[in-house]
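Q: Pasting a structure here, questions to come.
The values are calculated or read from the model by the stated rules, or taken from the named source; none is laboratory data. A quick note: this is a predicted structure, and the numbers were derived from the prediction, not measured. Neighbour counts are summed over all protein chains in view; Cβ atoms, including those assigned to glycine, are modelled from backbone coordinates with ideal geometry.
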């Protein structure tokens, strides 16, 4: 079996969909499956199995900025790669996003699996429903990563979908060497924009004891204003964009991982990564995060946007080592349920079913 994975977002830029595509490709290759991952790349490809399709263009997308490649040159590179590779199955992530994935639906050189990640709302689904329905019909097996992603796509486009979780590479995460810290530490990673709630976390620190570090990874449009506003708080360590190895080291070394997002989270794979790393999780009580986390069992969930509640939760958990240990143990078990190896097993079954269906259809045409 030769599988082509297609991602619409730049594989050089950190992101949930990109991480899923890269993680799936690595796990499939471990199992001996021939895989190429096609996607935009700003700079050198992040892995040898990646086929770069050109640079991305930062594009407004429902309150965030998406690194897309909808330009004609990327479309032509996608068509050329699909024709050259002779894939048996195509697996496209976010299939209705302009660029490589939508191009793959148009060309369709092989049976297609489409995985939908987005939740919340989509202006493109709302405004372009009729043309998108025609592209949707070209997907042979449709998957969503959560009930929230299912609600979004069915609200505007309808159809039947299988719900499969996002996966995490538990073995790779647990093999990472923890980043040491001289004092208790809180780790945040994400784009510095209103939706991710970094401003709420920094405001919540006023409730937290002085003997703590807050590691802030990532960048975004709000970085400069947030750094200026909180310049007097020496507990905040601004890391900028970090590599995947450093991200895992920070996850392994942190006392608490904090995800204070306000909205728009469909699954919360970074919570599962923190659980696999053995770090206690404090996050917003969003529906998307509840797909992964259970308040009081493997995490502490607080009302989104409530800096007082977040600060109180962080302070209490930093002071209670026994409670942290209980959350970490439960989180370890929850992460195992979301292992990438288990997810890939499900997708391999889907790939096999599509190929069997294609062989049967071809046999019938031959007999006729």
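Q: The conditions are (1) over 29 Å from residue 27 (Cα atoms); (2) at pLDDT 95 or above, and residue 177 fails exactly one of them. Which is it?
A: With (1) over 29 Å from residue 27 (Cα atoms); (2) at pLDDT 95 or above applied to residue 177, the lone miss is (1).
Q: Could you tell me whether any residue of the range 153-165 is outside the structural domain of residue 303 (by TED's automatic domain parsing), at pLDDT 95 or above, in a helix (DSSP H, G or I) and crowded, with 19+ Cβ neighbours inside 10 Å?
A: yes
Q: Follow-up question, since we're still on this one. Where residues in the range 166-189 are out of contact with any helix residue (DSSP H, G or I) (no Cβ under 8 Å at 6 or more places or on another chain) and not in a helix (DSSP H, G or I), which of them is surrounded by the fewest Cβ atoms within 10 Å (Cβ to Cβ)?
A: Step by step, filter the range 166-189, then rank; the result is 182.
Q: On to the next question. Which members of the range 203-228 meet the condition of being over 30 Å from residue 174 (Cβ atoms), in a helix (DSSP H, G or I) and modelled with pLDDT of 95 or more?
A: Step one: list which residues in the range 203-228 are over 30 Å from residue 174 (Cβ atoms), which gives 203, 206-207, 210, 221-228.
Next cut, in a helix (DSSP H, G or I) only: 203, 206-207, 223-228.
If the condition is that a residue be over 30 Å from residue 174 (Cβ atoms), in a helix (DSSP H, G or I) and modelled with pLDDT of 95 or more, then 203, 223, 224, 225, 226, 227, 228 are the ones that fit.
Q: Here's something else I'd like to know. Which condition from (1) outside any helix (DSSP H, G or I); (2) at pLDDT below 95; (3) surrounded by fewer than 20 Cβ atoms within 10 Å (Cβ to Cβ) is the one that residue 124 breaks?
A: Every listed condition holds for residue 124 apart from (1).
Q: If you don't mind, there's one more thing I want to ask. Exactly one of (1) surrounded by fewer than 22 Cβ atoms within 10 Å (Cβ to Cβ); (2) within 30 Å of residue 173 (Cα to Cα); (3) in contact with a strand residue (DSSP E or B) (Cβ under 6 Å, 6 or more places away or on another chain) is unmet by residue 100. Its number?
A: (1)
Q: Here's another thing I want to ask about it. Restricting attention to the range 291-311, and to residues there that are out of contact with any strand residue (DSSP E or B) (no Cβ under 8 Å at 6 or more places or on another chain) and in a helix (DSSP H, G or I), which single residue is surrounded by the fewest Cβ atoms within 10 Å (Cβ to Cβ)?
A: Checking each candidate, the answer is 308.
Q: So which residues in the range 127-150 are within 26 Å of residue 288 (Cα to Cα) and in a helix (DSSP H, G or I), if there are any at all?
A: Selection gives 127, 129, 132, 133, 136, 147, 148, 149, 150.
Q: As an exercise: evaluate residue 319 against (1) surrounded by fewer than 20 Cβ atoms within 10 Å (Cβ to Cβ); (2) over 19 Å from residue 213 (Cα atoms) and give the number of the one condition it does not meet.
A: (2)
Q: Hey, residue 105 hits all of (1) farther than 16 Å from residue 17 by Cβ; (2) assigned to a loop (DSSP other than H, G, I, E, B); (3) at pLDDT 95 or above; (4) under 24 Å from the mean Cα position of the chain (by Cα) but one; which does it fall short on?
A: In the conditions (1) farther than 16 Å from residue 17 by Cβ; (2) assigned to a loop (DSSP other than H, G, I, E, B); (3) at pLDDT 95 or above; (4) under 24 Å from the mean Cα position of the chain (by Cα), residue 105 misses (2) alone.
Q: Determine, yes or no, whether residue 249 is over 20 Å from residue 265 (Cβ atoms), under 22 Å from the mean Cα position of the chain (by Cα) and crowded, with 16+ Cβ neighbours inside 10 Å.
A: Working: over 20 Å from residue 265 (Cβ atoms): yes; under 22 Å from the mean Cα position of the chain (by Cα): yes; crowded, with 16+ Cβ neighbours inside 10 Å: yes.
Yes; evaluated as a whole, the condition is true for this residue.
Q: Being free of Cβ contacts under 8 Å to residues at least 60 places away in the same chain and within 18 Å of residue 111 (Cα to Cα) narrows it down to one residue among 129, 138, 155; which is it? Before the answer, list the steps.
A: Values: 129 fails: within 18 Å of residue 111 (Cα to Cα); 155 fails: within 18 Å of residue 111 (Cα to Cα).
The unique qualifying residue is 138.
Q: Looking at the range 260-285 only, could you name the residues that are surrounded by 24 or more Cβ atoms within 10 Å (Cβ to Cβ), farther than 18 Å from residue 343 by Cα and out of contact with any helix residue (DSSP H, G or I) (no Cβ under 7 Å at 6 or more places or on another chain)?
A: 284
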